[in-house]
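Trainee: Mind looking over this structure? Questions follow.
The values are calculated or read from the model by the stated rules, or taken from the named source; none is laboratory data. Note that this is a predicted model, so its numbers are computed, not measured. Every residue, glycine as well, gets a Cβ built from its backbone with ideal geometry; the counts of neighbours run over all protein chains shown. We work out accessible area using only protein heavy atoms, side chains counted, and drop any ligands, DNA or RNA first. Shrake-Rupley method; radii C 1.70, N 1.55, O 1.52, S 1.80 Å.
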Amino acid sequence: AMLLVQETHDRIMRQGIQRFAGYAIHTQGDAFEIAFATAVSATQFCMWTQDQLMNDEWPGEVLRVPQFAAVVDEETDDVIFRGPRVRMGVHCGHVESAVKHQGKMVYEGEVMRQVTGVADSGNGGQIILSQDTLPLSADVDVPYVMYDQGLHRVKDFPAPQRLKEVYPESLASRASANGS
């Protein structure tokens with residue numbers, strides 16, 4: 001089941017990268033670092049990807065694994081989770097250097113360390129935005145909900161950061177499951 005989950009996860013990620021004109025900087029296991037031209041593109045990628053992961057045709061052998069099983073909101077009967085619970089983070093900034101190495105661009109600098117800290121601030125199924133992505137442009141064409149997570153100490157930031165949690169409206173019930 002794990003091999004199938006990894007293959008499906010990677011396929012959906014790569015489809016989203018292409019759809020939203022991203023650039024896969026680095027992959028390791030199930031982790032992807034992706035650069036986008038704008039915070040809007042990055043956020044739309046995250047919302048689209050979370051929706052695709054939730055609604056993929058996961059076979060029974062995958063859904064029988066406890067961490068991939070469907071979770072239903074008892075009050076609304078909305079499916080909150082189904083399939084892998086992927087955490088995502090969006091952060092904006094300028095790279096200190098960009099060099100081509102073995103045919104790929106390698107970005108370096110503080111912003112690259114910070115984006116990992118933002119992503120690591122979330123739980124599976126969450127999309128976390130750093131304060132540097134805000135305010136989110138009105139150009140986002142996916143209906144969404146956003147929740148303020150307050151100030152948090154985030155790895156590789158010198159001061160506490162105001163984090164926001166965002167979901168496409170179709171997955172808004174995840175907020176209560178994650179304590180928002």
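Trainee: Where does the chain land at 222 nm, in deg cm²/dmol rounded to the nearest 500, when only DSSP H runs of n ≥ 4 count, each adding -39500 (n - 2.57), divided by all residues?
Mentor: Estimated from H runs of four or more residues: -9000 deg cm²/dmol.
Trainee: Keeping all protein chains in the complex and leaving out DNA, RNA and ligands, what accessible area do you get for Glu108 with a 1.4 Å probe, in Å² to the nearest 10?
Mentor: Around 90 Å² of this residue is reachable by solvent.
Trainee: Taking the Cα centre of the chain as origin, work out the dipole magnitude from +1 charges on Lys and Arg Cβ and -1 charges on Asp and Glu Cβ, in debye rounded to 20. List each step's numbers first, then the result.
Mentor: Details: 15 positive and 24 negative charges, 113 e Å.
About 540 debye.
Trainee: Which one, Val86, Gly103, Asn55, projects farthest toward the positive side of the charge dipole computed for region 55-119 from Cβ point charges (K/R +1, D/E -1)?
Mentor: The listed residue farthest towards the positive side: Gly103.
Trainee: What whole number of Å gives the distance from the Cα centroid of region 1-78 to the Cα centroid of region 150-174?
Mentor: The distance from the Cα centre of region 150-174 to that of region 1-78 comes to 19 Å.
Trainee: Okay, moving on. Using Cα-Cα distances under 8 Å and only pairs 6 or more residues apart, what relative contact order does region 1-139 have, in percent? Intermediate values should be presented prior to the final figure.
Mentor: On the way: 204 pairs, mean separation 27.6, N = 139.
Dividing the mean separation by the residue count of region 1-139 yields 20 percent.
Trainee: What list of ³J(HN,Hα) couplings, whole Hz, do you get for region 115-130 from phi and the Karplus terms 6.51, -1.76, 1.60, once you set θ to phi - 60° and write x for glycine and proline?
Mentor: 4, 5, x, 5, 4, 5, 6, x, 9, x, x, 9, 10, 10, 10, 7
Trainee: On to the next question. Taking a 1.4 Å probe, which of Lys104, Lys155, Lys164 shows the most accessible area, and what order do the others take after it?
Mentor: Lys155, Lys104, Lys164
Trainee: Once R0 is set to 22 Å, what does the formula 1/(1 + (r/R0)^6) return for the Cβ-Cβ distance between Arg113 and Gln18, expressed as a FRET efficiency to the nearest 0.05?
Mentor: Numbers: r = 27 Å, r/R0 = 1.21.
Given R0 = 22 Å and the Cβ-Cβ separation, E is 0.25.
Trainee: Roughly speaking, to the nearest percent, how much of the chain's 1.4 Å accessible area is carbon and sulfur?
Mentor: 49
Trainee: Now, a different point. Largest first, how would Arg162, Arg153, Arg82, Arg113 line up by accessible area (1.4 Å probe)?
Mentor: Reading off the accessible areas and sorting them downward yields Arg153, Arg113, Arg162, Arg82.
Trainee: Determine the per residue accessible area of the chain with all protein chains present and a 1.4 angstrom probe, expressed in square angstrom. Could the numbers behind the result be given before it?
Mentor: Numbers: 9770 Å² over 180 residues.
Here the per-residue accessible area is 54 Å².
Trainee: Which percentage, to the nearest 5, of the DSSP beta bridges contained in region 39-140 is antiparallel?
Mentor: So the antiparallel bridges in region 39-140 amount to around 70 percent.
Trainee: Sequence-distant or interchain residues sharing an amide H contact under 5 Å with Ile80, placed H: which?
Mentor: Hits under the 5 Å cutoff: Val71, Val72, Asp73.
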